[in-house]
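Bear in mind these aren't lab numbers, they're just calculated from the coordinates by the rules spelled out. As the structure is a computational prediction, the values presented were derived from the model and not from experiment. Here the Cβ positions follow ideal geometry from the backbone for every residue, glycine too, while neighbour counts run over all protein chains shown.
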Amino acid sequence: MSVGERVSEWPKQWLREGREQGLREGIERERALLARMAASRFGTDTSERLSSVLAEITDPERLAEVGDWLVRCETADGFLARAESARGAGEARRN
C-alpha cells in the first residue's frame, strides 16, 4: 500500500475508532445509570451486586433488557436473578 493510500485510509480509521469509543462510553454510562436506579429501588447492596453483573454485559440490547427488568421485577432477588441470566447471553447470540 502506498503512502497516499494509507493517508486516505486514516479518516476511515479515525471514524471507526471514534464510533467504537462512543459505544464503549455509552455502555459505561448505561451501566452507571442502571446501578443508580437499582440503588434507588432496591438499595445499595443490590446496586453493588448488579455492578459486577453489568461489567460482563457488553451488548447494549441486553443492558436495555436489564433496565426493563429493573422496572418489572418485584424483588431485588428476582431482579438480580434475571440480570445474572443476561451475562454472556447477548454475546453468544451475536456470534
**Prompt:** Tell me, which residue of the range 15-36 that is aliphatic (A, V, I, L, M) and more than 16 Å from Phe79 (Cα to Cα) is surrounded by the most Cβ atoms within 10 Å (Cβ to Cβ)?
**Reply:** Ile27
**Message:** Out of everything in the range 59-75 that is assigned to a helix (DSSP H, G or I) and of a type in the set (A, V, I, L, M, F, W, C), what residue ends up being surrounded by the most Cβ atoms within 10 Å (Cβ to Cβ)?
**Reply:** Val66
**Message:** Give me the residue from the range 37-58 that is within 14 Å of Ala76 (Cα to Cα), among the small types (Gly, Ala, Ser) and free of Cβ contacts under 8 Å to residues at least 24 places away in the same chain and, out of that set, surrounded by the fewest Cβ atoms within 10 Å (Cβ to Cβ).
**Reply:** Ser40
